[in-house]
Amino acid sequence: MKIITSEDFKLLVDNVLVVQFSADWCGPCKTLTRTIELNEDKFTNPIYKMDIDTNRELSTVLGIKSVPTLIRFENKKEVKRLIGNQTFEQLLELTV
């Protein structure tokens, strides 16, 4: 799973982009990251990871209030948001 910054986000958001907003201190984030990493080869689009503590401005602009939060973007617009730990099936649906 590739970790991205706010600058990377700006370059990638023109395409289909799925981002896990996360924090190092978050237990459910670690669980979700493990699920994603174990299944990366099964997703149509990759899931990127962004730390909310080192990318506070973007996290605030996007209204990230709890972690983990997964957001799918298409053509610079948010099209789906999932909050909390997710199953493999939910992640698969998010990346199609």
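A few remarks follow.
- The C-alpha radius of gyration of the chain, expressed as a fraction of 2.2 N^0.38 Å, stands at 0.96.
- The chain, dipole about Cα centre (Lys/Arg Cβ +1, Asp/Glu Cβ -1), debye to the nearest 20: 220 debye
- Dipole magnitude for segment 23-75: about 180 debye, using +1 per Lys or Arg Cβ and -1 per Asp or Glu Cβ, origin at the Cα centre.
- Mean accessible surface per residue for the chain, computed with a 1.4 Å probe while every protein chain stays in place, in Å²: 58 Å²
- Listed residues Leu70, Phe88, Cys29: farthest to the positive end of the dipole of segment 20-96 (Cβ charges): Leu70
- Computed [θ] at 222 nm, helices only, for the chain once each DSSP H run of length n ≥ 4 contributes -39500 (n - 2.57): -10000 deg cm²/dmol
The values are calculated or read from the model by the stated rules, or taken from the named source; none is laboratory data. Keep in mind that this is a model prediction, so the values were computed, not measured. When we count neighbours, we look across all protein chains shown, and the Cβ atoms used for this are built from the backbone with ideal geometry, even at glycine. Note: areas computed on protein heavy atoms with side chains; ligands, DNA, RNA excluded. Shrake-Rupley method; radii C 1.70, N 1.55, O 1.52, S 1.80 Å.
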